[in-house]
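These notes concern the structure reproduced below.
The values are calculated or read from the model by the stated rules, or taken from the named source; none is laboratory data. Just so we're clear, the structure is a prediction, and the values are computed from it rather than from any experiment. Because the Cβ atoms are built from the backbone with ideal geometry, glycine has one as well, and the counts that use them run over all protein chains shown.
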Amino acid sequence: MNVALQSAEPDKAFEGASADAFVGHPGYRRMFAPDRLTVGIFLPLRCWEGDMRVLEGQGELVTQIDRQGFAGVWVRDVPLFDPNFGDAGQLFDPFTYLAWLAARTERVALVTGSAIFTLRHPIDLAKMATTVDRLSGGRLVMGIASGDRPVEFPAYGIDMEHRGPRFAEAVAFFRQLVAPGRPSISSQLGMVSGVDFLPKPLTPHIPLIVTGSSRQPLEWIASHADGWLTYPDVSHNSAGPRRLAEKVAEWRALIPDGGFRPHMTNEWIDLVEDPSYPRTPLRGGFVLKTGRKGLIDLLGEWQTAGVNHAALGMQFAARPPAEIIQELAEEVLPHFPTQEGPAPLMSAW
């Protein structure tokens, strides 16, 4: 890989940034602070089962999520629905949907969980990302990944076995496009010279939070990611959070400058009305059934483990989403308040 940037040292051009680089970023600052955990909501609020009407009213609930003070709202990047995989995400294109949600919200961070950097060209990713960033006043935070659905790679004409190197190169390409100044890029993914990329993001960086390994060694994630998103391990007892703490500590020990980088995790919950209902795994541990006291305990264990943001999905829950969101806002958020951060940098478009 040969990637050069006019205004930066080549070996520093696409490294991860510490919290100091995001001091003016409304989305990042709303979600992340050292030794603190905030709460976000994963969309869709109900799973697609063959009828788009399952998403009716979700936009209004996202407006409520924003007003009730949740830190972030998450969308997934699922280009093709594989019935064998059994998950269609929120159906809409993530960036188009986030732009629509940006117009319906004021403060909540808008998060991709996760944008597949191997399937889309970095120019297209950057154009969509900086557009959402500008339209939302700087609220975009990007979880990014190398992809794990085998049916998608041949559809794009991409070799799945080589997605690791392609992911790393796409990250470098993306970062150089959106950086201040005119980019000069020589990459296996394309050549950029004598042109500029617009719009630039509102702040110097768009946070790129790497998901899982994304086919990279842990040292690469420590050096090149602005944060790390991993699965939580088991969540029905304290053994999972303890193992997660070890994983987070190992990663943070490898961060070259020793600066703060946030860690995120997620869980699909079936929040029941009984507040004392014990933490119980469902669907082979994929879903956690619990009352709010068990959830508060889990979030506290994650915070102690070094997790800075937890995204909760409720598409498998028995209760209506509006009820769960209301209970989370009233009973859970006071224990894990959203960071204040700077106000969105809005323009009168």
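This table checks each residue for (1) more than 25 Å from G57 (Cβ to Cβ); (2) in contact with a Leu (Cβ under 7 Å, 6 or more places away or on another chain).
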position: D233; (1), (2): yes, yes
position: F260; (1), (2): yes, no
position: S276; (1), (2): yes, no
position: V287; (1), (2): no, no
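Inspect segment 227-246 for any residue being touching a Gly at 6+ places or on another chain (Cβ under 9 Å) and more than 21 Å from F286 (Cα to Cα) and give the result as yes or no. Yes, segment 227-246 has at least one match.
Listed conditions (1) crowded, with 19+ Cβ neighbours inside 10 Å; (2) hydrophobic (A, V, I, L, M, F, W, C); (3) in contact (Cβ under 8 Å) with a residue 40 or more places away in the chain; (4) farther than 20 Å from T211 by Cα are all met by F32, apart from (4).
Here A172 fits the description: crowded, with 20+ Cβ neighbours inside 10 Å, in contact (Cβ under 8 Å) with a residue 12 or more places away in the chain, outside any loop (DSSP other than H, G, I, E, B) and not charged (D, E, K, R). Taken over segment 207-227, the criterion of being touching a helix residue (DSSP H, G or I) at 6+ places or on another chain (Cβ under 6 Å) and either closer than 16 Å to V178 by Cβ or in a strand (DSSP E or B) (or both) is satisfied by P207, V210.
Just one of the numbered conditions (1) at pLDDT 95 or above; (2) of a type outside the set (V, I, T); (3) more than 26 Å from A249 (Cβ to Cβ) is not true of N308: (3). Number of residues in segment 47-69 that are in contact (Cβ under 8 Å) with a residue 24 or more places away in the chain and more than 18 Å from W100 (Cβ to Cβ): the value is 3. Scanning segment 93-123 for residues that are part of a loop (DSSP other than H, G, I, E, B), in contact with a strand residue (DSSP E or B) (Cβ under 8 Å, 6 or more places away or on another chain) and under 18 Å from V141 (Cβ atoms) yields T105, V108, F117. Filtering segment 98-113 down to residues that are crowded, with 24+ Cβ neighbours inside 10 Å and either over 17 Å from the mean Cα position of the chain (by Cα) or among the small types (G, A, S) (or both), which residue is farthest from G40 (Cα to Cα)? It comes out as G113. Residues that are in a helix (DSSP H, G or I) and aliphatic (A, V, I, L, M) were ranked within segment 127-164; the one that is farthest from Q339 (Cα to Cα) is A155.
Give me the strands (runs of 3 or more DSSP E) completely within segment 274-336, filtered to those with at least 2 residues that are surrounded by fewer than 16 Cβ atoms within 10 Å (Cβ to Cβ), ordered by residue number. Lay out the reasoning, then the answer.
Details: elements: 280-282, 287-290, 309-313.
Per the criteria, 280-282.
Looking at F95 and the list (1) hydrophobic (A, V, I, L, M, F, W, C); (2) under 15 Å from the mean Cα position of the chain (by Cα); (3) surrounded by fewer than 20 Cβ atoms within 10 Å (Cβ to Cβ), which single condition is not satisfied? Against the list (1) hydrophobic (A, V, I, L, M, F, W, C); (2) under 15 Å from the mean Cα position of the chain (by Cα); (3) surrounded by fewer than 20 Cβ atoms within 10 Å (Cβ to Cβ), F95 comes up short only on (3). Annotation: P201 fulfils all but one of (1) surrounded by 15 or more Cβ atoms within 10 Å (Cβ to Cβ); (2) closer than 19 Å to L125 by Cα; (3) over 18 Å from the mean Cα position of the chain (by Cα); (4) not acidic (D, E); the unmet one is (3). In this entry, P262 passes the filter for residues that are surrounded by 20 or more Cβ atoms within 10 Å (Cβ to Cβ) and either closer than 22 Å to V73 by Cα or not small (G, A, S) (or both). There is no residue in segment 143-154 that is aromatic (F, W, Y) and under 20 Å from P201 (Cβ atoms).
Checked against the criteria, Q64 counts as polar (S, T, N, Q), farther than 30 Å from M191 by Cα and at pLDDT 95 or above. Q303 meets each of the listed conditions (1) more than 23 Å from E246 (Cβ to Cβ); (2) touching a Leu at 6+ places or on another chain (Cβ under 7 Å) apart from (1). Here R139 clears all of (1) under 18 Å from E15 (Cα atoms); (2) of a type in the set (K, R); (3) under 18 Å from the mean Cα position of the chain (by Cα) except the condition numbered (1).
Filtered by the rule that a residue be in contact with a strand residue (DSSP E or B) (Cβ under 7 Å, 6 or more places away or on another chain), over 30 Å from A322 (Cα atoms) and free of Cβ contacts under 8 Å to residues at least 40 places away in the same chain, segment 238-279 gives a lone residue, W251.
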